[in-house]
Amino acid sequence: MGKKLLRECIIIGGQASGGHVLGKARDRNYRPHLEIIRDLTEDGIEVVYIHDKDTNYLEGMNSEGIGIINAALLVSADEDAANKFWGRRKKKGTSKDGPRIARALTFPKLSQVIKSLVGYESGLKGHTFVGSPTSLYSIEMTSKHNPVVKKLDPSTGFDVRTNHGEDHSEAGYTPAGFPDDYVSSKVRKASATAAIADLEDYEEIMPAIATQQFEPESNYNTMRKVDGDAGMRTSSQVMMHLDRLELLCYLIPGECTFEGIVDKTPDDYDPVIKINVKEYDDE
């Protein structure tokens, strides 16, 4: 049987540099091929998103200042994606979450985006942070748990989610079902929360968790480099400033292949979302 394609992450929502921000550290047990796509909807809404070409997963923001990031709760992953990655199937485009997020980003209003995220194609599972320059929300749902939608209060500090349930205690990694992974999820959340607690510059947030707090191959690090088929490795990070309409993509050397920015907008279109791609030093 092929190796399972695992999806574990840290997502962050809060306030920095004078506006609302959303960030994510993306952990994978494979090395994804990534591209950034800029496109324009039929209604004239610009969308920019990071696209995983291996699984068709994506997330990003639109020109209304609405951004979406997600972390898995059912981390056992889908077999279609695993089979595709290991060559047992040749069909591309295995993620159902990518199209869910892509559709949601076509809407101009946050209420419409949230409605799409919880309702379209049975909804986006896992932990989701979705926000605009005026509001931030968390959504937590799985195939077995109804969505819990909560408005976040950025004035109280950053909100962080990993891969265990918050509103649904039985969701994701649990002490009984996956004790080691549950501890990893709890420790990574606590470490990330502590690392970014006092930060005001949004460009410092993701580098603050691109660190190792434990032994190099520990599964508890916020920057993971665990070898083996099931070993999780941080492959990239994303940070979005929703007020400024800026998307930062951080590449981890050796952990992903970046294939560039694909601009699908008309030649005479003047983009409003700023894209900045950065690569960490290879250490």
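Some points to look at:
- Extreme residue, positive dipole direction of the chain, given options Gly177, Gly131, Ile209 (C-beta unit charges): Gly177
- Furthest towards positive pole of dipole, Leu152, Tyr120, Asn163, structure part segment 109-203, Cβ charges: Tyr120
- Total charge dipole magnitude, the chain, about the Cα centre, Cβ charges on Lys, Arg, Asp, Glu only, Debye to nearest 20: 1180
- Measuring r between the beta carbons of Lys151 and Thr257 and using R0 = 41 Å, the FRET efficiency lands at 0.60.
- Using only the C-alpha atoms, the convex hull of segment 116-204 corresponds to 115 Å³ per residue.
- Contour excess over end-to-end distance, with Cα ends at Arg103 and Lys278 and 0.36 nm allotted per residue: 60.3 nm
- For the pair Thr41 and Glu204, label points projected 7 Å from Cα toward Cβ lie 3.6 nm apart.
- The chain pair-distance distribution - Cα-Cα, 10 Å bins, rounded %: 7, 31, 40, 20, 3, 0
- Packing-based order for 184-190, 159-165, using average beta carbon neighbours within 10 Å, highest first: 159-165, 184-190
- Stokes-Einstein diffusion for segment 139-283 at 25 °C, viscosity 0.890 mPa s, with a Kirkwood radius from C-alpha pairs, works out to 139 µm²/s.
Taken together, the values in this text are just the output of simple stated rules run on the coordinates, not laboratory data. All values derive from a computational prediction rather than experimental measurement. FYI the Cβ positions are ideal-geometry reconstructions off the backbone, even for glycines, and counts take in every protein chain you see.
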